[in-house]
Amino acid sequence: MPAKSTDTKQEILSIARDLLKKVGYNAFSYSDISKQLNIKNAAVHYHYPTKEDLLADIVNTYIEDYKQLESGLAHSTLPAIDKVSVFADRYAHLIDLQSICIIGSVASDFYTLPEAVKDRVILLTNLVLGMVANVLEKGRTNGELFFAEDARTKALLIMTNLAAGVQLARITGKKDFESIRTALIAQLKK
């Protein structure tokens with residue numbers, strides 16, 4: 001019986017992640033989750049007593065995911081430009097899922113998020129920024145990448161362009177996102 005409980009918890013988490021990235025934190029409820037799973041709201045509350053608990057778990061899964069990506073990139077022998085492309089590819093995949101990035105999704109609701117979750121979101125954002133900035137700085141130091149800004153500013157420029165590009169692609173299509181991604185990568189090669 002515990003396996004079913006774990007499966008249900010993972011299904012709740014998966015549906016909530018999708019809803020968060022598609023409609024935002026304030027626009028979905030436990031009822032939306034329970035309807036998709038054909039269970040009662042009480043079953044969702046059993047696994048996640050509050051929506052804050054659910055959001056914290058979602059953000060924590062992203063923190064772990066990005067820590068693994070960071071470790072993989074740090075130990076990879078890929079050229080720096082390919083490491084940046086790995087990061088950009090994650091955003092391109094979101095378009096196929098008709099989704100937006102987690103940071104962009106929670107950023108729009110940031111001021112209304114529970115305080116405890118805000119700290120996790122800040123941690124996630126700084127983790128991703130730091131990862132991209134480290135790849136950029138090492139690439140520049142090795143003579144593989146070229147940019148005038150400090151690495152953190154360049155990471156911010158890349159992240160904001162990718163995140164906004166994903167959102168804009170909902171309206172203008174994936175082709176425009178691909179143009180943005182291609183231009184961002186090309187700028188690093190000059």
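I'd like to compare 32-40, 130-138: which one has the highest average count of other Cβ atoms within 10 Å, and what's the full order after that?
130-138, 32-40
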Check: If contacts are Cα pairs under 8 angstrom and at least 6 residues apart, what is the relative contact order of the chain in percent?
Finding: 24
Notebook entry, point to check: Angle between the Cα long axis of helix 2-23 and the longest principal axis of the chain, 0 to 90 degrees, nearest 10?
Noted result: 60
Notebook entry, point to check: Quick one: which of 64-71, 47-54 comes out on top by average Cβ neighbours within 10 Å, and what's the full order, highest first?
Noted result: 47-54, 64-71
Margin query: Helix 51-74 against the longest principal axis of the chain: what's the angle in degrees, Cα atoms only, rounded to the nearest 10?
Written below: 30
Notebook entry, point to check: Which pairs in the list Lys22/Lys189; Lys9/Lys175; Lys67/Lys190; Lys22/Lys67; Lys22/Lys138; Lys21/Lys83 are over 32 Å apart, alpha-carbon to alpha-carbon?
Noted result: Lys22/Lys189; Lys9/Lys175; Lys22/Lys138
Next item on the list: Give the angle, between 0 and 90 degrees and rounded to the nearest 10, that separates the Cα long axis of helix 174-189 from the longest principal axis of the Cα atoms of the chain.
Entry: 40
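Bear in mind that the values in this text are calculations on the coordinates, not laboratory data. Remember, it's a predicted structure, so these values are computed and weren't measured experimentally. Every residue, glycine as well, gets a Cβ built from its backbone with ideal geometry; the counts of neighbours run over all protein chains shown.
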